[in-house]
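Report on the following structure.
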Amino acid sequence: MVQGKSLYHSAYGKTIDPTEAGRIISSICHGLAHAHEHGILHRDIKPANILLDPSVSPKIGDFGLARPVGDHESDSAFGTPGYTAPEVIHNPTAVDESTDIYAVGAILYELLTSKLPDSHYKPAATLVHCDPKFDQIIQKAMHPTPALRYRSAESMAEAIETITKRKKSSQAKLLQPSSKPK
């Protein structure tokens, strides 16, 4: 039981500061990596299934559709439109950890722009003020070919953390007093 609201109720229709969106998504990736390391695919990652505790720390919930990695049973249709990877419909035996990663890419785009990406991808950086490297992460996470996505949620988290750490470092430098002699 998590005290707080879902990411859906907290962020729907809003653009989230890129550094905060990166922090939330990175944390989701770490949680997914833990599930994947234990052989579990969530299969329905979406904002309504991400719970935010009072410190805005995300927790992955609703493992009702979860299955062991490699379990391709007859209920191959799962997920939520907008967050569901193409292989779920077109090639269910290709479903693996990257299928959950696809959904996380869609959530990152949604947090940055307040919209789900559509079939004609418009870079988030052209819609809102964010680092264009976020688009590289989103496009890799949501690549139509599962083998070309991040191979682990942990590697996606690391890519996001590289951007957010660089931004924090740049901001810290701006706030430091000048040491130039007058």
statement: Candidates 147, 48, 33; GNM for the chain (alpha-carbon contacts under 10 Å) flags as most fluctuating 147
Too-long pairs where the Cα-Cα distance tops 19 Å, listed order kept, from 59/140; 5/133; 133/165; 5/140; 14/115; 122/165: 59/140; 5/133; 5/140; 122/165
query: Any idea what Rg and Dmax come out to for the chain if you just take the C-alpha atoms, in Å?
result: 17.3, 74
For the chain, accessible area per residue (1.4 Å probe, heavy atoms of protein chains only), Å²: 55 Å²
task: Within 10 Å, count the other beta carbons around each residue, average over each peptide in 98-107, 81-90, and list them highest first.
output: 98-107, 81-90
- prompt: Where is the GNM fluctuation largest for the chain (alpha-carbon springs, 10 angstrom cutoff): 67, 23, 43?
  reply: 67
query: When the chain is modelled as a GNM with alpha-carbon springs shorter than 10 Å, which of 135, 96, 53 fluctuates the most?
result: 53
field: Stretchable slack from residue 121 to residue 34, in nm (0.36 nm times residue separation minus alpha-carbon distance)
entry: 28.3 nm
- prompt: In degrees between 0 and 90, to the nearest 10, how far off the longest principal axis of the chain does helix 153-175 point, with axes built from Cα atoms?
  reply: 10 degrees
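The values are calculated or read from the model by the stated rules, or taken from the named source; none is laboratory data. Since the model is a prediction, treat every value here as computed from it, not as a measurement. Virtual Cβ from ideal backbone geometry, glycine too; neighbours counted across all protein chains shown. Surface accessibility is based on the protein's heavy atoms, side chains included, excluding ligands, DNA and RNA. Shrake-Rupley method; radii C 1.70, N 1.55, O 1.52, S 1.80 Å.
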